[in-house]
1. Quick one: which residue in Gly285, Gly265, Gly340 is without any contact (Cβ under 8 Å) to a residue 60 or more places away in the chain and within 16 Å of the ligand (Cβ to nearest atom)?
2. Filter region 231-255 for residues that are within 13 Å of the ligand (Cβ to nearest atom), part of a strand (DSSP E or B) and open to solvent by less than 30 Å² (accessible area, probe 1.4 Å); which is farthest from His490 (Cα to Cα)?
3. Which ones in region 82-97 are within 6 Å of the ligand (Cβ to nearest atom), in a loop (DSSP other than H, G, I, E, B) and open to solvent by less than 10 Å² (accessible area, probe 1.4 Å)?
4. If we keep just the residues of region 332-352 that are among the charged types (D, E, K, R) and farther than 30 Å from Ile321 by Cβ, which is surrounded by the most Cβ atoms within 10 Å (Cβ to Cβ)?
5. Of the residues in region 499-533, how many are more than 10 Å from the ligand (Cβ to nearest atom) and not in a loop (DSSP other than H, G, I, E, B)?
6. Got a number for residues in region 298-328 being of a type outside the set (S, T, N, Q) and surrounded by 23 or more Cβ atoms within 10 Å (Cβ to Cβ)?
7. Name the residue, out of Val449, Val470, that is out of contact with any Pro (no Cβ under 6 Å at 6 or more places or on another chain) and more than 30 Å from Asp110 (Cα to Cα).
8. Given the conditions (1) near the ligand (Cβ under 10 Å from one of its atoms); (2) under 30 Å from Asp415 (Cβ atoms), which single one is not true for Ser66?
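The values are calculated or read from the model by the stated rules, or taken from the named source; none is laboratory data. Keep in mind it's a predicted model, so treat the numbers as computed, not measured. Here the Cβ positions follow ideal geometry from the backbone for every residue, glycine too, while neighbour counts run over all protein chains shown. Note: areas computed on protein heavy atoms with side chains; ligands, DNA, RNA excluded. Shrake-Rupley method; radii C 1.70, N 1.55, O 1.52, S 1.80 Å.
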Amino acid sequence: MFDYVIVGAGSAGCILANKLSENPSNQVCLLESGPEDSSPLIRIPMGVASLMKSKKYNWLFESTASPYQNNRQIFCPRGKGIGGSSSVNAMLYVRGNAWDYDYWAELGNDGWSYNEVLPYFKAYENQERGEDKYHGVGGGLNVADGRSNHPFAKIFIDAAQQAGHIINYDFNGEKQDGVGFFQATQKNGERCSSANAFLHPIRQRPNLTVITGAHATHILLEGNIATGVEYISNKKTFRVIAKKEVILSGGAFNSPQLLLLSGIGPVDELNRHKIPVKHELEGVGQNLQEHVDIHIVTKTYGPPAVSIRPKGLLQQSKELIRYIRERKGQMTSCVTESGGFIKSTPHQSVPDLQLQFIAGAVDDHGRNIRMLLKYGYTTMVSLLRPKSRGSITLKSNNPLDNPEIQLNLLAEQEDVDSLLAGIKLARDVLAQPAFDPLRREEILPGNHVQSNDALVKYLREKSEHNYHPVGTCKMGNDEMSVVNSRLKVHGINNLRVADASIMPSLIGGNTNAPTIMIGAKAADMILADNNTE
Ligand SMILES: Cc1cc2nc3c(=O)[nH]c(=O)nc-3n(C[C@H](O)[C@H](O)[C@H](O)COP(=O)(O)OP(=O)(O)OC[C@H]3O[C@@H](n4cnc5c(N)ncnc54)[C@H](O)[C@@H]3O)c2cc1C
């Protein structure tokens, strides 16, 4: 019997487990479907490339055929195991724009304005550059400047400056606009996942029980009160009872799936799978938002471009030795070391595009081996606040089936237009003199692809996404919201959702740090509401 049961040990789940178990009289259980995070591939930053294909640490989801992307199934990697997606992500430390949180508050979500969430970002950060108005020191999440310093990353910044973009030394400071180096959630050249930051340091607390290999199958309900969770482990079924609250932190794909499996969701969807309706809640699984993105790949002459050609591999082995000796160099790379936030048109009030630059030729999430055999560099353009909306539904009522993911990217013409503008802006950067010594022909989309029609065709053929699904259990008070601003599921007592799924709108940046902030804020609200601080 526990006070609190948390489902999912990812970005949000780890900090929740930490904060809820701080008071020794609270008994906390953390259930995680995947394994421990003991692999060196998780620790060494460049291991991210292998984790993209790992059956052990990655759910390797595929979307359903995406109608506006030539009916392609889109690969949706998600972390599985302790640390969740923070154990497999690219480690970029980005909070989004202050505007995003003020917008959440404007939508009626009290307590979520930028000024109200900033203290959480600061409190859980250890900023290696030191403390200031926007940054904190002494928190668990270590934020570091890059140790790879790939020469191409600097060339990208120089070229962007030549194209007229301003330099920004801190995307999480006063302003987000401009180009520069990304900071990374790393410590001493190793990944600092949410687990490293918040779970491992307190794992021995006697009042905290962490169960791995435990796949939650449904929430136990007595009337409209959540009383625990049923899970499967090694083909056997178990139950854990929560005297106070159940908290879902399974991420934007799995938290709505678990609600649906438990009979909480749109009636039609529950009926379709013969799941008894426990509580009708139209918004569960709806409002899926994701950063749609497109790559421009340019050919170059040879190393130091990262590749798997013999010379490239030789370079990588030298880099591995350097890493073992110094914890520096390309093995510490967060893949996209530089980039920035720009506006697709001057009338945007905040940047609506993110650029990320990779010192290698990358296609299909790095899984296209033929592309990695070339010497090249890649510029990713992501649309930060797409209008298109997708959904999460069920493939079946079998809890071990993957959820059905309909991304619906590029459904809205406005998204197509903004990304089109983004390609042109990125090409302008790539055409600047700083790239003259490196530049050969464009591999993707190719120099011959110039007209708007041809570029739109390319967008539909090749666009992917930036691994930031949110919104499927959105916070709010309208009929499509799933949780209120204290993250309590509407109509059900003792049940909250706290993970990326609660974001009512996608923030303009990467989503790990914002999700950790959500977990931390959720914990404070849970403790306050239960008088158990
Ligand atoms: C490849 C990749 C690269 C990324 N790069 C970056 C980046 O550079 N910077 C950045 O800020 N963000 C990045 N992100 C996004 C960021 O990591 C996620 O937004 C964030 O980790 C989401 O946190 P979460 O707590 O919502 O879910 P997750 O961290 O995904 O955690 C959910 C956990 O719940 C578990 N779970 C799910 N269902 C069940 C169940 N039924 N029972 C038990 N356990 C369950 C999962 O196994 C998982 O461990 C990336 C993501 C990916 C996948």
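1. Numbers: Gly285 fails: without any contact (Cβ under 8 Å) to a residue 60 or more places away in the chain; Gly340 fails: without any contact (Cβ under 8 Å) to a residue 60 or more places away in the chain.
Residue meeting the stated conditions: Gly265.
2. Selected residue: Ser233.
3. Residues satisfying the conditions are Met91, Val94.
4. Going through region 332-352, the residues among the charged types (D, E, K, R) turn out to be 337, 343, 352.
Checking the rest, the ones that are also farther than 30 Å from Ile321 by Cβ come to 343, 352.
Numbers: Lys343: 18, Asp352: 22.
Only one residue tops the list, namely Asp352.
5. 11
6. Restricting attention to region 298-328, the residues satisfying the condition of being of a type outside the set (S, T, N, Q) are 299, 301-306, 308-314, 318-328.
Then drop every residue that is not surrounded by 23 or more Cβ atoms within 10 Å (Cβ to Cβ), which leaves 305-306.
Selection size over region 298-328: 2.
7. On the way: Val470 fails: more than 30 Å from Asp110 (Cα to Cα).
Answer to the selection: Val449.
8. So the condition that Ser66 fails would be (1).
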